[in-house]
Amino acid sequence: MQRGQSILHRLLTAAATIWALSLLVFLLTRLSGDPAALLIPSDASPEELAQLRSQLGLDQGLLRQYMVYLSQAVRGNFGDSLRYGTSAMRLVLERLPATMQLAAAAAVVGWTAAVPLGILAGARPNTVWDRLARFVSLFGQSMPVYWLGIILILFISVRWGLVPASGRGTASHMFLPVLALSLNLMGSVTRVLRVQLQDILQQDYIRSARAKGLSGTMVLGKHALKNAGIGVVTVMGLQLGVLLGGTVVTETVFAWPGLGRLVVQAIQFRDFPLVQAGVMVLAAVIIAVNLVTDLLYPLLDRRVGV
Amino acid sequence: MCSMSGMRAASNAKPLNLPRLAFGPLRRLSVFGFHQWDVLLAALVLLTVGGSALMAPLLAPAESMQQNLIQRLQEPSFSLRDGISLGTDALGRSLGARLLHGARYSLAISLTSALLAALVGTLLGTLAGWKRGLLDRLVSAMINIQLSLPFLLVALTLAAVARPTPGSIILVLAAAGWARFARMARAEGMKLSQSGFVEAAKALGQWDHRIFFQHIIPNLLPTMIVLFSLELARFIVMESSLSFLGVGVNPTTPTWGGMINEGREYLATHFWLSTLPGLCVFLSCLSLNILGDWAQERMSPYSTKKEGKADAGH
């Protein structure tokens, strides 16, 4: 009963988050000025402006406009893109796979490297591994991903000519963006795993596990890692969100034809329907990912009831 | 993967003096009994960056930032007679002068927005954690919503519709970044409100606002200052990302992010145009992170790494 209730609570929170964002997007686009004036060439006559306003439903009350917007948004309809003239939602969904591919590859590569490093650093404080992990996490936190991208392009593509600097197509096109994103990701996972393990390994129950004669590997695997896992999964869930949002920058640097680049270009063209659709879809994916991480908790830690 | 010796070093209550050996002879050098070179360097970098940002108009006159197409894309030069010149960009504007003036904009905007976010976040979070009830539910819901949306996406949406002036960018960054401060302040406020001295002050009949400002806020400050130094790094990266994407302040205003973007076209021939401003962002953030980590480790009661403290006595 309680389990069902709290799953319901999570679902409601996720829905509320999406709703709040849609309201924010609506209010911003309506209250920051007349959308019709942005859509129309500046030399248009007042009659043309008035015609466009009534065509877009802008001459009606704000509440009524919001109801129309909401009922269309629920069905995934954000209107037609001003630049491309086709459905904004369809454009967004066309680009989504490229973004997901990039984010998933970066997550797999980054975490595969970060987890062993974090464990080594956590289990052996003040060794080479510990210092390497500290180095990696400091750099991951401090280096803007687009600058890292530019440096990678400079050396690996421009100087050494090893892989293409931009575009999508072959596996070699993925090399640089995935490398940049995964190096960026490694920072926090390594950091959390290292700090948590070092704390956990000083706890009393670890000492008693050692005292009853368990080997170091058993203590680490059965007792320490199990408890460090929950913090790491939280960070990974949050990271997927940041990763999907961060592809906005990475895709711009590497000219990767994904959703993020589409949104940035739409912003430069003041293509509001496309911006709305892109932001809402990205946010929905991120919120879904966070929801899944939340629901995974009880599998890792029995003390947490969903 | 995990040897016995590694485990032992970690699980001993009193750690061996390994760090001292590990750093070798360098550790013996000290400045006023202080051994941590990374922290010293970080402080030095921040002082340099902050100082040159403050003195930018003195170090590099604003005229050198004017367009001069005859002098475009000049290479950096170092000579005793003319001093250091970092060359010029594609429009013939002095790179060095733009870096210095860019530091003013980038740092002023990040700093102001981070301060605003910290102020709002700390006040809301502490009040929520202290008073609980309806206010807490509201603030918690706002924190959860804010944290589940990525910072950059929110900032981008806001920046897309707000007219890009320094003021609006500051508001955008603060609106997108207050939640982490609020979450930390809420947890601390909850802990403090149950502590003995707050109970005692309440029992003595002290007014709420005096408890808040005299007992709760001062005890919260150390934690929030550490968080602030780590968050400021994130704000600097975020501000530069917005300028990089072209939704920051006016593109003719020099900002580090904008300069990185403009220099990208010339990466193959004039790589310093976009790598140097990036280096400024990176070094500033690295220094803030190093200082923040150091302060956090010194404050943590469980930390085994109070090296500065331990070393000062030996």
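What to note about this one:
- Subset of segment A:61-106 that is in contact (Cβ under 8 Å) with a residue 40 or more places away in the chain and among the charged types (D, E, K, R) - its residue that is most open to solvent (accessible area, probe 1.4 Å): A:Arg83
- Number of residues in segment A:252-279 that are in contact with a helix residue (DSSP H, G or I) (Cβ under 6 Å, 6 or more places away or on another chain) and more than 26 Å from A:His173 (Cα to Cα): the value is 7.
- Qualifying residue in segment B:114-131 (condition: at pLDDT 90 or above and closer than 20 Å to B:Leu283 by Cα): yes
- Selected residue (criterion: most open to solvent (accessible area, probe 1.4 Å)) from residues of segment A:23-48 that are modelled with pLDDT of 75 or more, out of contact with any helix residue (DSSP H, G or I) (no Cβ under 6 Å at 6 or more places or on another chain) and not acidic (Asp, Glu): A:Pro46
- So A:Ala228, is it more than 10 Å from every other protein chain (Cβ to nearest Cβ), of a type outside the set (Val, Ile, Thr) and surrounded by fewer than 19 Cβ atoms within 10 Å (Cβ to Cβ): no
- The requirement of being within 13 Å of another protein chain (Cβ to nearest Cβ), of a type in the set (S, T, N, Q) and open to solvent by less than 40 Å² (accessible area, probe 1.4 Å) is fulfilled somewhere in segment A:233-240, by at least one residue.
- Within segment B:255-294, being facing another protein chain (nearest Cβ under 7 Å) and part of a loop (DSSP other than H, G, I, E, B) holds for B:Leu267, B:Ala268, B:Phe271.
- Qualifying residue in segment A:194-214 (condition: closer than 25 Å to B:Leu152 by Cβ and acidic (Asp, Glu)): no
- Filter result for A:Val109 (of a type in the set (A, V, I, L, M), without any contact (Cβ under 8 Å) to a residue 60 or more places away in the chain, more than 12 Å from every other protein chain (Cβ to nearest Cβ) and not in a loop (DSSP other than H, G, I, E, B)): no
- For A:Val178, the criteria (1) open to solvent by less than 10 Å² (accessible area, probe 1.4 Å); (2) within 23 Å of A:Val109 (Cα to Cα) hold in every case but one, which is (1).
- Scanning segment A:145-177 for residues being in contact (Cβ under 8 Å) with a residue 60 or more places away in the chain and not in a helix (DSSP H, G or I) gives a total of 4.
- Residue tally, condition open to solvent by 10 Å² or more (accessible area, probe 1.4 Å) and either part of a helix (DSSP H, G or I) or touching a residue at least 12 places away in the same chain (Cβ under 8 Å) (or both), over segment A:112-137: 15
- Note on segment B:89-201: enclosed helices (runs of 4 or more DSSP H) holding 2 or more residues that are under 25 Å from the mean Cα position of the chain (by Cα) and closer than 25 Å to A:Val289 by Cα are B:133-148, B:151-161, B:166-193.
- B:Thr157 being modelled with pLDDT of 85 or more, polar (S, T, N, Q) and open to solvent by less than 60 Å² (accessible area, probe 1.4 Å): no
- Only a single criterion out of (1) within 21 Å of the chain's Cα centre (by Cα); (2) more than 9 Å from chain B (Cβ to nearest Cβ); (3) open to solvent by 30 Å² or more (accessible area, probe 1.4 Å); (4) closer than 30 Å to A:Ile119 by Cβ is not satisfied by A:Arg168, namely (4).
- Index of the failed condition, B:Leu147 passing every other in (1) within 12 Å of another protein chain (Cβ to nearest Cβ); (2) touching a Ser or Thr at 6+ places or on another chain (Cβ under 7 Å): (2)
The values are calculated or read from the model by the stated rules, or taken from the named source; none is laboratory data. Keep in mind the model is a prediction, meaning the values are calculated, not measured. Neighbour counts are summed over all protein chains in view; Cβ atoms, including those assigned to glycine, are modelled from backbone coordinates with ideal geometry. Protein only, heavy atoms only, side chains kept; ligands, DNA and RNA dropped before computing areas. Shrake-Rupley method; radii C 1.70, N 1.55, O 1.52, S 1.80 Å.
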